[in-house]
Amino acid sequence: MTKLRLATTWLDGCSGCHMSFLDMDELLVDLAGQIEVVYGPLVDRKDVPEEIDIALVEGAVSSEHDLELVRKLRANSRILVSLGDCAVTSNVPAMRNHFPVKQVLECGYQQNADRNQSIPSDVIPALLPQTRPIHEYIPVDVFIPGCPPCAKAIHFALAALLKGETPDVHELTRFGA
Amino acid sequence: MPKTIHIDPVTRIEGHAKITIHLDDKGRVNDARFHVTQFRGFEKMVEGRPFTEMPSVMARICGICPVSHLIASSKACDRILAVQIPTTAILLRRVLNLAQLVQSHALNFFHLSAPDLLLGMDAPVDERNVFGVMQKHPELAKKGIWLRKFGQEIIEWLGGKRIHPAWVVPGGVNAPLASDKRDAILKRIPEAIQITRDALDLYKRILDDFPEETRTFANFPSLFMGLVNDKNELEHYSGTFRFIDAAGHIVADRVSPRDYARYIAESVEPDSYLKSPYYKPMGYENGMYRVGPLARLNIVDRCGTPLADEEWAEFRSLGRGAVLSSFHYHFARLIEILFGIEMIERLLNEPDILSKDVRAVARVNNHEGIGVSEAPRGTLIHHYKVDEHGLMTWANLIIATGHNNLAMNRGVLQVAKHFVDGKNIQEGMLNRVEAVVRAFDPCLSCSTHAVGQMPLRVELYGAEGELLDRKERAS
Ligand code: SF4
């Protein structure tokens, strides 16, 4: 049996949704028999592969690179899953939307710094004016809310997707869970 | 035109980063930089919010060490309430903090670093990950999963859920420990200890396979910093700061966490969203210090639990003064797991552990609070100011990974200089440059947050800008 090709990524989030993925514990070993993780922070490949069956996306879109990456994942993936409240609603990262980006950066690098007080801008990417949920930019096939969604909900969803079904996770997780 | 190698993104670490390596005309490494490419802005976005929200909001900085933020944040809030929290609440917070230490260290060793240590730095890219370890070393992979789960389940049993529990609150914790939960944890202690001792044996066996890595992985003199208790033993919850130098001599001791700003200053790097703290009295660069497991084991006089102390003695024999090679972060991490398990057992046997008095209630009595804890990756400082209604007016966070920024940068350069040959770039060379970062176990969504998901493409340009060589890590 050919394995399903799974990609995962984190955008503007806390990696808690990925940790919840790992909280599947022993079930991960079984899953590894059916799924190959082809891209993401847990594996070493650096570019987004061409053919992805399922992409799990954690985090909100906060920078131009987040946007570029999520668009690329969408283009290359059969099914794209919005994993966790940050991806679904932009959650805590969106708290910065109350302030202009400039003010947020000034607070971190001018007020709260002692030496070389200036906003870093070499090599690193710029922030978007607002942090937004991913479905505002690309179509999403499956939403799994929760902060983070519990491992049971993630496992349930993956098992359904493996069988070619659309998972309904509303009994297992909800916004803020 | 300079020749630059980009490693982007750095994988098997927490958060987003990239590395640039600059080569000279002969293909030798001139410079190398570690860039953290994401910024999250927690210090600003909490302005105007009630301080009682802080533990839950600040925990969302990091899903790997949310408990550290819960603890440091709640301790800052305890100061704002100006209360002394119940003894049982302290015991329970300590257990929670250590459970997280165990799970986070297990994650680094088994899930993130074992692919390098067991499959090899030069193993094929598509296999060099935790799923590859599951295939080649299923028994070990299962033990790693078990040990991480041991920590995560303690957090769930105490706090209600594994990631982002809302249980630690200003003034204490919001529910006592049930006796059946305590017994369930105690029952698992022997197996947890066995797995950790096996991992320590394994580490000592494979160490001989990495002589060059041990010699060059951020192996240089620096200061070390962390908390110690009043007996100068390992401490992750309270205590005072101690700084030592590379020879092991004490530079500053018994520093109250409230005075942190007199000892630690932060510099901005133009090419990274991660700031670089340094030891203020010695200035930027000279004041470079390291934190985390390696630092903690270097600064203490002993761990304070029997099995961990035996291992600690062996660890300390690796250096004349302090142990300087950052490769031994792995060793130190395993010893701290052992300490954590022994200490959890001790704390759960305290007579007051099941007491129902776990929370002090008060209104705003102080307009400023500083809370400190030792997170898995090092010292974590939360500093808040509030108005008379308890609304946040200012926050400063110094996050564990940040303290290591100068040392990580120097380590990346040291490894790149030793291993990278610009004339003949091999993937395994670049993996070693990433592996030195993994040894520090950085947590970057904590410190900021990154972006930049270009494929790893190494392009070598000649002095005229002509393309000489090109390698892609993508399969
Ligand atoms: S949804 Fe919650 S757990 Fe997931 S990335 Fe966002 S803050 Fe972290």
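The values are calculated or read from the model by the stated rules, or taken from the named source; none is laboratory data. This is a predicted model, so every value here is computed, not measured. Glycine also receives a Cβ, built like all others from the backbone with ideal geometry; neighbour counts cover every protein chain displayed.
Tabulated values for the structure
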quantity: Candidate set from the range A:56-90 (those that are within 16 Å of the ligand (Cβ to nearest atom) and among the β-branched types (Val, Ile, Thr)); member that is nearest to A:His18 (Cα to Cα); calculated: A:Val57
quantity: Selection status of A:Asp53, at the interface with another protein chain (Cβ under 8 Å from one of its Cβ atoms), in contact with a helix residue (DSSP H, G or I) (Cβ under 9 Å, 6 or more places away or on another chain), more than 15 Å from the ligand (Cβ to nearest atom) and modelled with pLDDT of 95 or more; calculated: no
quantity: Members of the range B:165-179 that are within 15 Å of B:Asn97 (Cβ to Cβ) and within 14 Å of chain A (Cβ to nearest Cβ); calculated: B:Pro165
quantity: Among residues of the range B:151-166, those that are surrounded by 19 or more Cβ atoms within 10 Å (Cβ to Cβ), within 16 Å of the ligand (Cβ to nearest atom) and within 24 Å of B:Leu81 (Cα to Cα), counted; calculated: 3
quantity: Scan of the range A:91-132 for residues that are more than 7 Å from chain B (Cβ to nearest Cβ) and within 16 Å of the ligand (Cβ to nearest atom), ordered by number; calculated: A:Asn91, A:Ala94, A:Asn97, A:Thr131, A:Arg132
quantity: B:Ile195 surrounded by fewer than 17 Cβ atoms within 10 Å (Cβ to Cβ), farther than 15 Å from B:Asp301 by Cα and touching a residue at least 40 places away in the same chain (Cβ under 8 Å); calculated: no
quantity: Unique match (being more than 20 Å from the chain's Cα centre (by Cα), crowded, with 16+ Cβ neighbours inside 10 Å and among the acidic types (Asp, Glu)) among B:Glu368, B:Glu388, B:Glu345, B:Glu374; calculated: B:Glu345
quantity: Residue match in the range B:77-99 (condition: more than 14 Å from chain A (Cβ to nearest Cβ) and within 27 Å of A:Gln103 (Cα to Cα)); calculated: yes
quantity: Residue that is surrounded by the fewest Cβ atoms within 10 Å (Cβ to Cβ) [pool: residues in the range B:16-43 that are within 19 Å of B:Asn424 (Cβ to Cβ) and in contact with a Gly (Cβ under 9 Å, 6 or more places away or on another chain)]; calculated: B:Lys26
quantity: Any hit, the range B:52-67, residues being out of contact with any helix residue (DSSP H, G or I) (no Cβ under 6 Å at 6 or more places or on another chain), more than 9 Å from chain A (Cβ to nearest Cβ) and of a type in the set (A, V, I, L, M, F, W, C); calculated: no
quantity: Residue list for the range A:9-36, restricted to those being more than 12 Å from the ligand (Cβ to nearest atom) and more than 19 Å from B:Gly144 (Cα to Cα); calculated: A:Gln34, A:Ile35, A:Glu36
quantity: Strands (runs of 3 or more DSSP E) within the range B:2-82 that include 1 or more residues hydroxyl-bearing (Ser, Thr, Tyr); calculated: B:3-7, B:17-23
quantity: Of all residues in the range A:136-159 being assigned to a helix (DSSP H, G or I) and not hydrophobic (A, V, I, L, M, F, W, C), the one that is surrounded by the fewest Cβ atoms within 10 Å (Cβ to Cβ); calculated: A:Glu136
quantity: Whichever residue in the range A:1-45 is surrounded by fewer than 24 Cβ atoms within 10 Å (Cβ to Cβ) and out of contact with any helix residue (DSSP H, G or I) (no Cβ under 9 Å at 6 or more places or on another chain) and, among such residues, is nearest to the other protein chains (Cβ to nearest Cβ); calculated: A:Arg45
quantity: Total residues in the range A:143-171, condition within 15 Å of the ligand (Cβ to nearest atom) and touching a helix residue (DSSP H, G or I) at 6+ places or on another chain (Cβ under 8 Å); calculated: 11
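Each row is one residue, and each column tells you yes or no for (1) more than 14 Å from chain A (Cβ to nearest Cβ); (2) polar (S, T, N, Q); (3) surrounded by fewer than 23 Cβ atoms within 10 Å (Cβ to Cβ); (4) under 30 Å from B:Ser73 (Cβ atoms).
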{"site": "B:Arg215", "(1), (2), (3), (4)": "yes, no, yes, no"}
{"site": "B:Met225", "(1), (2), (3), (4)": "yes, no, no, yes"}
{"site": "B:Asp230", "(1), (2), (3), (4)": "yes, no, yes, yes"}
{"site": "B:His236", "(1), (2), (3), (4)": "yes, no, no, yes"}
{"site": "B:Arg258", "(1), (2), (3), (4)": "yes, no, yes, yes"}
{"site": "B:Leu274", "(1), (2), (3), (4)": "no, no, no, yes"}
